[in-house]
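**Q** Before we start, here is the structure in question, set down as structure tokens.
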Amino acid sequence: MDSDPALAAAPKQDPAPEPQQAPEPAAQKPKSGAPKPPEPAAQRPRPNPAPGPQQTPGPAEQKPTADPGVQKPTPKPKSGEPKPQQTPGPAAPRPVPTPGSGAVGSAPAASTPVPTPGSDPDGPAPGVTGPFMDPHPPSRRPGRPVALLAGLLLVVPALVTACRLLDTDGITPVPQLLSFLPWLTVPAGLGLLLAAVARRRGLALTAVVVLAATAWSSLPYTTWTTIGHGLPVARVRVLAANVEFGQATDALIATIRRERPALVYVSECDRACGRALTTAFAAELPHYASVEADGSAGSVLLSAHPLRDWRMIPATMGMPGATAEIAGRSVRVQLAHPMPPLPGQVDVWKRELGRIEDFAALRTGPTLIAGDFNASQDHAAFRAILKEGRLRDAAWAVRRSRAATWPVEGPVPPYVQIDHVLVSDEFSVEDVRFLDLDGTDHRAVLADLDLRGDR
């Protein structure tokens, strides 16, 4: 059979094997430098891509490290061999062409980095299974237990200071806690420190307010600052002592002999105590007014000056009083010893302090009220006595109004002043001292006063 000369002259070409369709939509690109398959005659030639980086040939090419998110490329079959079928797997990310990198479909100039978990804020990298975990989760706000402790430390100072500013003694336990008012700056300051450590701005601001209010409320209190007018007409030394059921009678006798006061106010002086004092000072302090009773109900007021108009303020414990004639002036002298503000007895305590307030409010001349008031300047009922009677605390006049007088005995050191000497403006205060007596839980108050004339 004769052959066609035209066909004989043309070189033989192996027919290009028909490519199989891969199950995946994206096919792998051949490596750079691999032989390109012959293009069909009818296919339009593509523009040349931008030249990629040259690879240096070597004896052996290093195998790339397998990455779970990148599909390993399948080698291209040689001419005339069937193309192996690819196993379905996850599609590799299609490279994004950059300006100047050539047409779509050309080999990338550089390999695209594979995202790692945590580098993509929108989710995990391809090929990573399971929930997306942020490698840097936001830390919890620190100091919650510390902030709670700070808040608890501020509760009592805030409550007590509020009652002090509102001028009320409230109900139990406020009257008892008011005795600790200056010391409540300690928990308030500690609460401020813990609030700062916990980084709670609102709590820290609250602590600053509570601490400032507590400190301000602890300042010495007085109703006025008028100093006695007129020339001094007599020096009067006053001693006020609580002998605790008469147990400190002997110590008090020794103190009277040493200090030689002109007026002595003795609380909790039972019958035996009263007899011992009136007998021991029959010459030095011949005048007295007393309430004879057992235990804490007994009291006695001794005077070197004549006494008249004997009286007694009704109370659970004895509160005798009289009028003393001192340097031609009538001076009202009154012993104070109301009930303590124990739980269940706060109403009695307020009522008896109110009776002392009524006596002070009469303002019928020079007045001296002294004794165990069972109240401090931080109690509204005590401040009412100063206000209504226009009286001053002698300790305040010499800047010792925070000197503690109770309790002397026991494991707790003295923390509150409840023993006072109150004077009207006819008296000027020269000195105040606090004396320890064996056998009692109170310190005695010794005040040196000058009684001034009308002009």
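**Q** Please identify the pairs in which a residue from the stretch 291-310 that is more than 18 Å from Pro340 (Cβ to Cβ) has its Cβ atom under 7 Å from the Cβ atom of a residue that is β-branched (Val, Ile, Thr) and open to solvent by 20 Å² or more (accessible area, probe 1.4 Å), counting only partners at least 6 apart or on another chain.
**A** none
**Q** Read through the list (1) over 37 Å from the mean Cα position of the chain (by Cα); (2) open to solvent by less than 10 Å² (accessible area, probe 1.4 Å), then give the number of the only condition that Ala444 fails.
**A** Against the list (1) over 37 Å from the mean Cα position of the chain (by Cα); (2) open to solvent by less than 10 Å² (accessible area, probe 1.4 Å), Ala444 comes up short only on (1).
**Q** Let me ask you something else. Just checking, does the stretch 237-257 include any residue being part of a loop (DSSP other than H, G, I, E, B) and small (Gly, Ala, Ser)?
**A** Yes, there is a match, as at least one residue in the stretch 237-257 is part of a loop (DSSP other than H, G, I, E, B) and small (Gly, Ala, Ser).
**Q** Can you tell me how many residues within the stretch 347-382 are charged (D, E, K, R), open to solvent by 10 Å² or more (accessible area, probe 1.4 Å) and part of a helix (DSSP H, G or I)?
**A** Count: 6.
**Q** Can you spot a residue in the stretch 172-192 that is open to solvent by 70 Å² or more (accessible area, probe 1.4 Å) and at pLDDT below 95?
**A** no
**Q** Taking Ala395 as the residue in question, decide whether it is of a type in the set (Gly, Ala, Ser), open to solvent by less than 10 Å² (accessible area, probe 1.4 Å) and part of a strand (DSSP E or B).
**A** no
**Q** Here is a follow-up. Every residue in the stretch 383-392 that is among the basic types (Lys, Arg) and surrounded by fewer than 22 Cβ atoms within 10 Å (Cβ to Cβ), please.
**A** Arg383, Lys387, Arg390
So that you can scan it fast, the table gives a plain yes or no per residue for (1) buried (at least 23 other Cβ atoms within 10 Å of the Cβ); (2) without any contact (Cβ under 8 Å) to a residue 24 or more places away in the chain; (3) not in a loop (DSSP other than H, G, I, E, B):
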site: Val266; (1), (2), (3): yes, no, yes
site: Cys269; (1), (2), (3): yes, no, no
site: Ala272; (1), (2), (3): no, no, yes
site: Ala276; (1), (2), (3): no, no, yes
site: Glu284; (1), (2), (3): no, no, no
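**Q** Among strands (runs of 3 or more DSSP E) lying entirely in the stretch 286-344, which contain 2 or more residues that are open to solvent by 30 Å² or more (accessible area, probe 1.4 Å) and among the basic types (Lys, Arg)?
**A** Per the criteria, 307-312.
**Q** Being farther than 19 Å from Glu284 by Cα and among the hydrophobic types (A, V, I, L, M, F, W, C) is the filter here, so list the residues in the stretch 294-330 that pass it.
**A** Matches in the stretch 294-330: Ala297, Trp310, Met312, Ile313, Ala315, Met317, Met319.
**Q** Looking at (1) at pLDDT 95 or above; (2) open to solvent by 60 Å² or more (accessible area, probe 1.4 Å), can you tell me which one Leu219 breaks?
**A** It fails just one condition, (1).
Results for (1) among the acidic types (Asp, Glu); (2) free of Cβ contacts under 8 Å to residues at least 60 places away in the same chain, shown as yes or no for each residue.
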| residue | (1), (2) |
| --- | --- |
| Glu325 | yes, yes |
| Pro341 | no, no |
| Gln345 | no, yes |
| Ile356 | no, yes |
| Gly365 | no, no |
| Asn374 | no, yes |
| His379 | no, no |
| Leu386 | no, no |
| Ala395 | no, yes |
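**Q** Of the residues in the stretch 247-262, how many are open to solvent by 20 Å² or more (accessible area, probe 1.4 Å) and not acidic (Asp, Glu)?
**A** 7
The values are calculated or read from the model by the stated rules, or taken from the named source; none is laboratory data. Keep in mind the model is a prediction, meaning the values are calculated, not measured. Using ideal geometry, Cβ is built from the backbone for each residue, glycine included, and neighbour counts are taken over all protein chains shown. Remember, those area values only see protein heavy atoms, side chains included, never the ligands or the DNA or RNA. Shrake-Rupley method; radii C 1.70, N 1.55, O 1.52, S 1.80 Å.
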